[in-house]
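Just below is one structure, and these are the notes that go with it.
The values are calculated or read from the model by the stated rules, or taken from the named source; none is laboratory data. Quick caveat: nothing in here was measured; it's all calculated off a predicted structure. Here the Cβ positions follow ideal geometry from the backbone for every residue, glycine too, while neighbour counts run over all protein chains shown. Note: areas computed on protein heavy atoms with side chains; ligands, DNA, RNA excluded. Shrake-Rupley method; radii C 1.70, N 1.55, O 1.52, S 1.80 Å.
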Amino acid sequence: MAKLNLYNEQRFDVRPQLFGSFLEHMGTVIYTGIYEPSHPSATPEGFRGDVLKLVRALGVKTLRYPGGNYTSSYHWEDTIGDQVTRPKRMNIAWQSLETNQFGLDEFFQWTQQANVDNPILTVNLGTRGIDDALHELEYVNGKYDTDWANLRRQNGHAEPYGVKYWCLGNELDGPWQVARKTPEEYGLLANETSKAMKLMDPDIETILVGSSTPRLDTYPSWDLKVLMEAYDNVDYIAMHNYIDRDQSENLDQQALRDSDDLPTYLARSREFDKQIDEVATIADAVKALKHSDKTMKISFDEWNVHHFSQKKPQPWGEHNPVDWCYFDLADTLLFGSMALAILRHGDRVKLSCQALLVNTIPLILTDEGGNAWANPTYYVLQSILTNLSDTSTVVASSLTDSQNYSTKRYQDVPVIDQVVMDTGSAYVVFAVNRGEKAQTISMALPATIKSGHMEHIVGELGDKNTREHPETLTLQPCDDLTVKVGSKAQTATLSGYSWSVLTFDY
Ligand code: AHR
């Protein structure tokens, strides 16, 4: 039987903003995703009430907006003021038409109704630069009697929004990016933009564009170079990574991988562990080279399992369905392990955004004029978010006598992937069973445990939450847990191919 050991003296704080999500003007994320004035559940502002309800129940507190690739050519001023006179533009990143009916002020109204209190805004450092970033910051956070701040007041928003987190552009290393830059060009621009933005508002924190994916051959030298330019003036380096079952290891290789190799697919969260360690190592090297006292934080602001579009995009349509997909149980288990990799590195990763919230590789799916429901990945994130608070800590833990497996690509993969959190009133064990067989674990917990319960997501590997059967995979109570009050040894059985959450109240 596997034994879970805790090292209570080794722990670090984890806060609710560690697990955020992402809204981009692409596909049907905004239009018919969160904004659909003609929908039966629409609020007076035109927000989908059914989606708001799901977002509130998810408990997400951090949200990145409005992109993504979209931001590298967008003009934030197009999105404010009277909706009737807002310009319609070509969204060249996603080959669609942008009506700008949902813009910056609508976003803040929406976040308020969704109980999201940490927006992350991305400025355009593709086709634009320092001036525009400063104007946007003044509109959003400006407190004084100045032109842009007064325009916000004139638009009906007297109070500054006080946005703390600002991304200095998006994926500017990517060949697909509008106005891609060299690391030296970008590093200099980001440094000067951040410096100027902080002169305007010293309370903000800024996020530097790191490599878009470890599969680019400029990874991780891009990170080293941009950090060398901007280290002193930024607070976070960004990481992005999407894992697709049919993806090659390097962007230049055409060969498909993993399609029929479930054990390898389920082990691919290891790429997250490796990437976080590598980016942290690069950042620490720059810290040493610069004789700096500051430790660079990581913002893993785009991550997810990925599938290609199930709806055909129609170029230059409005709310063009670029991407839209169901995740099955296998995807959900990998997603769970990805989330555990982030949690395990919560001493270094301080922000993350699952991408995206609605309709594009989403947590929530919507039908135009119809229902909204959740992919099973939603329930994984919900179960973590429910346990994060201003007192939560991750406690170091290890498994002994547990099973490992090896594939061509990965050696010694633990069948049970786990992280333990102390919420301040309970120990919570999050676990993925990557194997077909049930696994019993015995847990050495403090003898103060008073009660316990367990929930899990289980099913067939190919199960999905479809519009016809939207609740095939959800978090369900499970009684495979034995709690012995006053004892240090507790036992639980994790079903084969499952995501489990074990809560021990003390
Ligand atoms: O799927 C979202 C897109 O993926 C974002 O716009 C971009 O940053 C990433 O390449």
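The calculated FRET efficiency for Y326 paired with A285, based on their beta-carbon distance and R0 = 51 Å, is about 0.75.
Amide H contacts under 5 Å for N170: L125, restricted to partners 5 or more places along the chain or on a different chain, H placed in the peptide plane at 1.01 Å from N.
Overall, the accessible surface of the range 406-472 at a probe of 1.4 angstrom is composed of carbon and sulfur to the extent of 48 percent. Counting only DSSP H runs of at least 4 residues, each contributing -39500 (n - 2.57), and dividing by the residue count of the chain, the helix-based mean residue ellipticity at 222 nm comes to -7500 deg cm²/dmol.
Scanning residues 5 or more positions from Y35 or on other chains, those with amide H under 5 Å from its amide H are R48, with H placed 1.01 Å from N in the peptide plane.
Counting only protein heavy atoms and a 1.4 Å probe, the range 1-70 has 33 square angstrom of accessible area per residue. With Cα atoms defining each centre, the range 454-506 and the range 172-232 are spaced 41 Å apart in the structure.
Residue order by solvent-accessible surface for W166, W148 is W148, W166, largest first, with ligands and nucleic acids left out and a 1.4 Å probe.
Modelled spin labels at T386 and K450, positioned 7 Å past Cα toward Cβ, are 1.9 nm from each other.
Between helix 49-58 and the chain there is an angle of about 50 degrees, using the helix long axis and the longest principal axis of the Cα atoms. Once the C-beta distance of Y7 and D131 is scaled by a Förster radius of 60 Å, the resulting FRET efficiency is 0.75 to the nearest 0.05. Using a probe of 1.4 angstrom and keeping all protein chains present, the accessible surface of the range 169-226 works out to 38 square angstrom per residue. The long axis of helix 130-141 is offset from the longest Cα principal axis of the chain by roughly 70 degrees. Relative to the longest principal axis of the Cα atoms of the chain, helix 221-230 runs at roughly 60 degrees.
Working from label points 7 Å from Cα in the Cα-to-Cβ sense, the E185 to W316 distance is 2.7 nm. Here the range 36-164 has 51 percent of its accessible surface on carbon and sulfur atoms, given a 1.4 Å probe and all protein chains in place. Beta bridges assigned by DSSP with both partners in the range 14-124 are antiparallel in approximately 40 percent of cases. Report note on the peptides 364-377, 334-347: ranked by the mean count of other C-beta atoms within 10 Å, highest first, their order is 334-347, 364-377. All Cα-Cα distances of the chain, cut into 20 Å bins from zero to the largest, leave 23, 57, 20, 0 percent in each bin in turn.
Of the residues H453, H135, H469, ranked by 1.4 Å probe accessible area with the largest first, the sequence reads H469, H453, H135.
Here's how it looks for G452: its modeled amide H is under 5 Å from those of D505, which are all 5 or more places away or on a different chain. As a test, work out the antiparallel percent of DSSP beta bridges whose residues both lie in the chain, rounded to the nearest 5. About 60 percent, rounded to the nearest 5. For the range 387-429, report the % of Cα-Cα distances exceeding 12 Å. So the portion of pairs separated by more than 12 Å is 65 percent. Residues Y405, Y70, sorted by accessible area with the largest first, give Y405, Y70 [1.4 Å probe; ligands and nucleic acids excluded].
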